[in-house]
Amino acid sequence: MAGFDKVVNSYAEAMEGIKDGDTIIAGGFGLCGIPEGLINEIKRKKTQDLTVVSNNCGVDDFGLGVLLHDRQIKKIVASYVGENALFEQQLLDGIIDVELTPQGTLAEKMRAGGAGIPGFYTATGYGTPVAEGKEVKEFNGRPYILEESITGEFAIIKAWKADRYGNLVFRHTAMNFNPMAATAGKITVVEVEEIVEPGELEPSQIHTPGIYVNRVIKGNFEKRIERVTTSK
């Protein structure tokens, strides 16, 4: 994209340039705040050998789970296997490489990548399989492990509102991993519920400034609920 106007009018244009072997950083938590249409476009393009960085891999037939059917994902970096039986089976069968990462560490890996910080020390995971093969250093008598940050060729994001300049507002729980993921992509594509004109968003309410965003598309969302719970 060139200039300030980041809006594109088709999913094909939104995901233009994605190629086999790319690393994709995806916002969302479970099925909350996921870029449904962008994921479906990746499926339509049949892009292969992807490394996907996300909290989890959706469910069998929705969200990132739809990319498993044609084995488009080679590796996933996630903190939760979740409700996805196909993901579990491909893991057990050795079809997909899974790097399980503590949830807070995963969020910081994205944030640090977006900030240009190549790595950081954290106490989380020390003394567990998470720490195997990683550098350990003591600070104030406590051991910490070195974690490398994450960036990707693409970041795919779901937001509530955006203006044409790419300034983003997230809604409630749908913020989850989206703000961190938005900073960590070389190309950041955002699917939103509403696009407004520049100046309509209250500056103090903007969660992610447009400097991080390359493309914006207005989506239509199913907003499926992963596990429905009602009172008796």
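The values are calculated or read from the model by the stated rules, or taken from the named source; none is laboratory data. The structure presented is a predicted model; accordingly, all values stated were derived computationally and were not measured. Quick reminder, even Gly has a Cβ in these numbers, built from the backbone with ideal geometry, and neighbours come from all protein chains shown. Keep in mind that these areas ignore ligands, DNA and RNA; they rest on the heavy atoms of the full protein, side chains included. Shrake-Rupley method; radii C 1.70, N 1.55, O 1.52, S 1.80 Å.
Before moving on, here are some points about what is shown:
- Among the numbered conditions (1) of a type outside the set (Lys, Arg); (2) within 26 Å of Gly116 (Cα to Cα); (3) out of contact with any His (no Cβ under 8 Å at 6 or more places or on another chain); (4) surrounded by fewer than 24 Cβ atoms within 10 Å (Cβ to Cβ), the only one that Thr229 does not meet is (2).
- Only one of the numbered conditions (1) over 28 Å from Tyr165 (Cα atoms); (2) in contact (Cβ under 8 Å) with a residue 24 or more places away in the chain is not met by Ala14, and that is (1).
- Complete set of residues in segment 42-82 that are within 17 Å of Thr151 (Cβ to Cβ), out of contact with any helix residue (DSSP H, G or I) (no Cβ under 8 Å at 6 or more places or on another chain) and not β-branched (Val, Ile, Thr): Lys75
- Some residue of segment 81-99 being without any contact (Cβ under 8 Å) to a residue 60 or more places away in the chain, open to solvent by 70 Å² or more (accessible area, probe 1.4 Å), in a loop (DSSP other than H, G, I, E, B) and not acidic (Asp, Glu): no
- Verdict on Ile34 being in contact with a helix residue (DSSP H, G or I) (Cβ under 9 Å, 6 or more places away or on another chain), open to solvent by 10 Å² or more (accessible area, probe 1.4 Å), part of a loop (DSSP other than H, G, I, E, B) and within 22 Å of Gly104 (Cβ to Cβ): yes
- Among strands (runs of 3 or more DSSP E) entirely within segment 127-169, having at least 2 residues that are under 24 Å from Asn40 (Cβ atoms) singles out 152-163.
- Matching residues in segment 179-197 - criterion: being in contact with a Lys or Arg (Cβ under 6 Å, 6 or more places away or on another chain) and touching a residue at least 40 places away in the same chain (Cβ under 8 Å): Met180, Val189, Glu191, Ile195
- Residue within segment 14-22 that is in contact with a helix residue (DSSP H, G or I) (Cβ under 6 Å, 6 or more places away or on another chain) and modelled with pLDDT of 95 or more present: yes
- Selection within segment 170-214 - part of a helix (DSSP H, G or I) and either touching a Cys at 6+ places or on another chain (Cβ under 9 Å) or over 20 Å from Glu108 (Cβ atoms) (or both): His172, Thr173, Ala174, Pro203, Ser204, Gln205, Gly210, Ile211
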